[in-house]
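> Pasting a structure below so you can have a look.
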Amino acid sequence: MAGPVELMLADLKEKYDAQAASPAFSRLYDVEAFGHMFAVLHKRLNKHFEAVNGRAQTTRHYWADNSRDFIALIEELNQDLHALKRAGVEVVLADGYQRALELCEPWLSHSGGSAVPDDFERIEIIKHEPIFSQPDTTVTLENRQLPITLKLVGTGSYAHVHSYVDPDYGITFAVKKAKRDMGDRDLERFKQEFAVMKRLSFPYVVEVYQYDETRNEYRMEFCDETLRGYIKKRNNKLPFSTRKRIALQFLYGINYIHSEELLHRDISLQNVLVKVYESGAVQVKLSDFGLVKDMTSEFTRTQTEMRGTIIDPMLENFKDYNVLNEMYSVGLVLSYIFTGRESLMSSTDEVSRIVKMCASHDVSQRYQTALDLIADVERLEATPVAAPA
């Protein structure tokens, strides 16, 4: 059976094989193991760089849709190059392009378009030479059938989660196992959870890799802590700037799944995970899609009983769950991120106003979209809030 790293690389290749490049870029990478992936990314980067150069000479305003696409591209590029590095494939991006991305990222906005800075430096477009290079174009993947020790890291109503270290590469992965006494309907939902997550690809959503039909389990990305645990242990030391970054990563993930016509329906402090890096940097990951509502599927429309960790008091029927109901649980999570308390904020500062708007008992007064909410959180400045618990 293929190992986790091999599966990860296969998924990456499959994702980019589904995207078109062009002969002008493909010819630059025809000898590279990941040539098509590099050609696709090169083409997309050039499209944005050329457009930004043009807007810098005219209106100095980069369109809203293009800004969001550019932000997503930068996140995708960083994530996928990091995945290759984890698999032992070192990829280097041309210095000029790396610098251009670092200069563009701070002024790109998720909403309302982006103002191109007055001191913007025109980006030198590279068309006739590769921008990606590999010091070594080969990677050796071993498939040793060694016994692997599993460690229980979490349990829920329907599944257990274990972690293990891949023996070839020393990378930690997780395995989510359905409980043996799970009923047919819940087992179908468990499989649907995997299928939904498998088609998602975003930095702030947990990645899944392979489903084992014989054992009713699947492998997935390992995260170090729950959001609750991460903040609880560090609450008195977390500055406002860190809380805001965590909040925005969480909201970017919510906006992404909503854009995919999905509603999570079980947003909670346990179902938002955190990857913690040696540098202290963190990355938020949405997980546990067992109650996900696919607005294009009949399966999720038939269930009417109330389920989930945080239930909107204004929701009368689970079948009618919509974006406005999701905002209630989003508001409680935001409140915890900024205060460390598991209750709605009640003060009069701007963060409290945002949280109260998410959870308003007048549902029509809640944020209509995650993008509206993101816009308000992005504008937050470091102002005093209630002291952490």
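The values are calculated or read from the model by the stated rules, or taken from the named source; none is laboratory data. What you are looking at is a predicted structure, and each value in this text was computed from that prediction instead of being measured. Positions of Cβ are backbone-derived with ideal geometry, glycine not excepted, and every protein chain shown enters the neighbour counts.
> In region 196-208, what count of residues is obtained for those that are surrounded by 15 or more Cβ atoms within 10 Å (Cβ to Cβ) and farther than 14 Å from Arg219 by Cβ?
Result for region 196-208: 7.
> Next question, about the same structure. Residues that are more than 15 Å from Phe132 (Cβ to Cβ): which helices (runs of 4 or more DSSP H) entirely in region 13-117 hold 3 or more of them?
35-56, 64-86, 95-104
> Could I ask something else about it? List the number of the failed condition for Ala51; all other conditions in (1) under 26 Å from Tyr277 (Cα atoms); (2) at pLDDT 90 or above hold.
Exception for Ala51: condition (1).
> Is region 281-300 home to any residue that is in contact with an Asp or Glu (Cβ under 7 Å, 6 or more places away or on another chain), crowded, with 20+ Cβ neighbours inside 10 Å and in a helix (DSSP H, G or I)?
Yes.
> Please count how many residues of region 168-187 are assigned to a helix (DSSP H, G or I) and touching a residue at least 24 places away in the same chain (Cβ under 8 Å).
First, pick out the residues of region 168-187 that are assigned to a helix (DSSP H, G or I): 184-187.
Then drop every residue that is not touching a residue at least 24 places away in the same chain (Cβ under 8 Å), which leaves 186-187.
Result for region 168-187: 2.
> Give the residue, chosen from Phe194, Phe173, Phe240, Phe190, that is under 30 Å from Phe338 (Cβ atoms), aromatic (Phe, Trp, Tyr) and outside the structural domain of Leu12 (by TED's automatic domain parsing).
After ruling out the rest, the residue left standing is Phe240.
Results for (1) within 23 Å of Asn325 (Cα to Cα); (2) surrounded by 16 or more Cβ atoms within 10 Å (Cβ to Cβ), shown as yes or no for each residue.
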| position | (1), (2) |
| --- | --- |
| Glu221 | no, yes |
| Asp224 | no, yes |
| Gly229 | no, no |
| Ala247 | yes, yes |
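> Continuing with the same structure: Counting only residues that are of a type in the set (Ser, Thr, Tyr) and surrounded by 15 or more Cβ atoms within 10 Å (Cβ to Cβ), which one in region 342-375 is farthest from Met314 (Cα to Cα)?
Ser352
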